[in-house]
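The values are calculated or read from the model by the stated rules, or taken from the named source; none is laboratory data. The structure displayed is predicted, hence computed values, not measured ones. Here the Cβ is made from the backbone with ideal geometry for all residues, glycine too, and neighbour counts use every protein chain on show. Side chains are part of the model used for accessible areas, which takes the heavy atoms of the whole protein and leaves out ligands, DNA and RNA. Shrake-Rupley method; radii C 1.70, N 1.55, O 1.52, S 1.80 Å.
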Amino acid sequence: MKQTGAQQLRAQVEAYFASCDATAERFEQKNGAIAYRQVPYTLAGLSAATARSEQSIRSAAEGQGGRAEREIFADAMRRIARHLWERALMGELQTSVAMTLIRQLGTSAPEENGGEDRRLTVVLDDREGWSD
């Protein structure tokens with residue numbers, strides 16, 4: 001059975017993410033803690049995997065083109081952004097590197113939306129009240 005263009009595109013995108021995930025390696029840090037590292041998801045990587053320019057991927061994700069293409073690339077862009085933010089929050093990727101890669105996605109960073117500073121703030125919920 002022959003794949004449609006959308007099915008083929010979805011397969012290429014999923015193959016890209018799977019190839020990045022396959023590079024994950026476990027290692028022990030000096031303090032004995034176990035950590036993982038892998039090739040991060042990037043727009044450049046997605047561009048190479050799908051043989052499309054970064055700009056055409058951004059345009060498709062924003063709705064220029066067919067509906068299926070928009071959904072596939074918008075989902076992929078969200079997945080890349082989530083991956084980068086999570087890696088930065090977990091200390092597996094430098095925040096400055098994550099911010100640069102996020103900017104390449106074309107999504108706005110907090111300081112570009114009128115924010116006053118360039119800090120990433122993590123709020124932890126203390127449900128047990130231990131900090132009181």
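Scanning region 23-52 for residues that are open to solvent by 60 Å² or more (accessible area, probe 1.4 Å) and more than 21 Å from M77 (Cβ to Cβ) returns E25, R26, E28, Q29, K30, N31, I34, Y36, R37.
Taking region 12-51 as the range and being modelled with pLDDT under 95, assigned to a helix (DSSP H, G or I) and out of contact with any helix residue (DSSP H, G or I) (no Cβ under 9 Å at 6 or more places or on another chain) as the test, only D21 passes. With the requirement that a residue be closer than 22 Å to E14 by Cβ, part of a loop (DSSP other than H, G, I, E, B) and of a type in the set (G, A, S), what does region 52-105 give you? Matches in region 52-105: S53, G63, G65, G66. Summed over region 46-85, the residues that are at positive phi and within 16 Å of the chain's Cα centre (by Cα) give a count of 0.
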